[in-house]
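**Q** Please read through the structure below; I'll follow up with questions.
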Amino acid sequence: MSRTQSPATTASARPDGRTLGVAALGGVLSYLVGYALTYAAVGQEVSNSLAARVLEIATGDPGTWQLVGWVFYNAHNVAVEVPGLFGSTSVNLVGETFSTALFVVPPLVLVAGGVAVAVLGGAEGPVAGAVAGVAVVLGYLPLALVGAVAVGIDIGDATAGPTLVAAVLLAGLVYPLVFGAVGGAVGGVVADRS
């Protein structure tokens, strides 16, 4: 049976400490699963690419995991800046080199994370679920920042990699807030019916 959200119920929609912990873990798992799915989809192609071979000659490491990270950030609509002789170039490999289907990876894992947080947190209704689902940002944001720095590749005095501001704003905040809330709302409906 569905409950309507009165002001008193809405105030109780605030997640407790346990739910916030589950949400942080959900955000971490969403990020890691999203990266793993991206690696599974493009890792082999990236490791055999000309870019990986050039990178190996320049740095001694093919950097496949870093280049896959670029694709993962591109799937969040975060551009990668590559320095060159005449300035930097902005690159998005999703849609240019790799399938646009990769754009659904971050939303899907974040919706799943939001559903899990709402269900495990016992959210009562879509509003409480959405509030709980938004909290996946607690785990996703730090990894989005650390990951953006980690996948950067030093090229001389410059670094090629995801644009940090966009990585924090889009990958770290907008995606988990929007898709975590959607998943949380769905999870709140599911939890409310059980």
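The values are calculated or read from the model by the stated rules, or taken from the named source; none is laboratory data. Small disclaimer: the values here were computed from a predicted structure and weren't measured. As a convention, Cβ positions derive from the backbone with ideal geometry for all residues, glycine included, and neighbour counts pool all protein chains shown. Surface areas here come from the heavy atoms of the whole protein model, side chains and all, with no ligands, DNA or RNA. Shrake-Rupley method; radii C 1.70, N 1.55, O 1.52, S 1.80 Å.
**Q** Can you tell me which residue in the stretch 57-86 is nearest to residue 159 (Cα to Cα), limited to those that are without any contact (Cβ under 8 Å) to a residue 24 or more places away in the chain and open to solvent by 40 Å² or more (accessible area, probe 1.4 Å)?
**A** The extreme case among them is 84.
**Q** Further question: Could we say that residue 110 is open to solvent by less than 40 Å² (accessible area, probe 1.4 Å) and under 27 Å from residue 184 (Cβ atoms) here?
**A** Here the answer is yes, as residue 110 does meet what is asked.
**Q** The conditions are (1) under 25 Å from residue 130 (Cβ atoms); (2) of a type in the set (S, T, N, Q); (3) surrounded by fewer than 21 Cβ atoms within 10 Å (Cβ to Cβ), and residue 44 fails exactly one of them. Which is it?
**A** Every condition holds for residue 44 apart from (1).
**Q** Evaluate the stretch 89-104: report whether one residue or more is out of contact with any Asp or Glu (no Cβ under 7 Å at 6 or more places or on another chain), of a type in the set (D, E, K, R) and within 21 Å of residue 37 (Cβ to Cβ).
**A** Our first condition is that a residue be out of contact with any Asp or Glu (no Cβ under 7 Å at 6 or more places or on another chain); within the stretch 89-104, this holds for 89, 91-104.
Now narrow it down to the ones that are of a type in the set (D, E, K, R): 96.
Among the residues that remain, those that are also within 21 Å of residue 37 (Cβ to Cβ) are: 96.
Yes - at least one qualifying residue is present in the stretch 89-104.
**Q** What number of residues within the stretch 128-155 are open to solvent by 40 Å² or more (accessible area, probe 1.4 Å) and either in a helix (DSSP H, G or I) or farther than 23 Å from residue 68 by Cβ (or both)? Explain how you work it out, then say what you get.
**A** Pass one, the stretch 128-155, residues open to solvent by 40 Å² or more (accessible area, probe 1.4 Å): 131, 134, 138, 141-143, 145-146, 149-150, 154-155.
After this cut, where a residue has to be either in a helix (DSSP H, G or I) or farther than 23 Å from residue 68 by Cβ (or both) as well, the list is 131, 134, 138, 141-143, 145-146, 149-150.
Residues that pass the stated criteria total 10.
**Q** Another one. Hey, can you tell me all the residues within the stretch 113-126 that are part of a helix (DSSP H, G or I), open to solvent by less than 60 Å² (accessible area, probe 1.4 Å) and aliphatic (A, V, I, L, M)?
**A** Matches in the stretch 113-126: 115, 116, 117, 118.
**Q** Another question, then. Of the numbered conditions (1) buried (at least 16 other Cβ atoms within 10 Å of the Cβ); (2) out of contact with any strand residue (DSSP E or B) (no Cβ under 7 Å at 6 or more places or on another chain); (3) among the polar types (S, T, N, Q), residue 99 satisfies every one except a single condition; which is it?
**A** (1)
**Q** Shifting gears a bit: Looking at (1) over 24 Å from residue 182 (Cα atoms); (2) at pLDDT below 80; (3) open to solvent by 40 Å² or more (accessible area, probe 1.4 Å), can you tell me which one residue 17 breaks?
**A** Every condition holds for residue 17 apart from (1).
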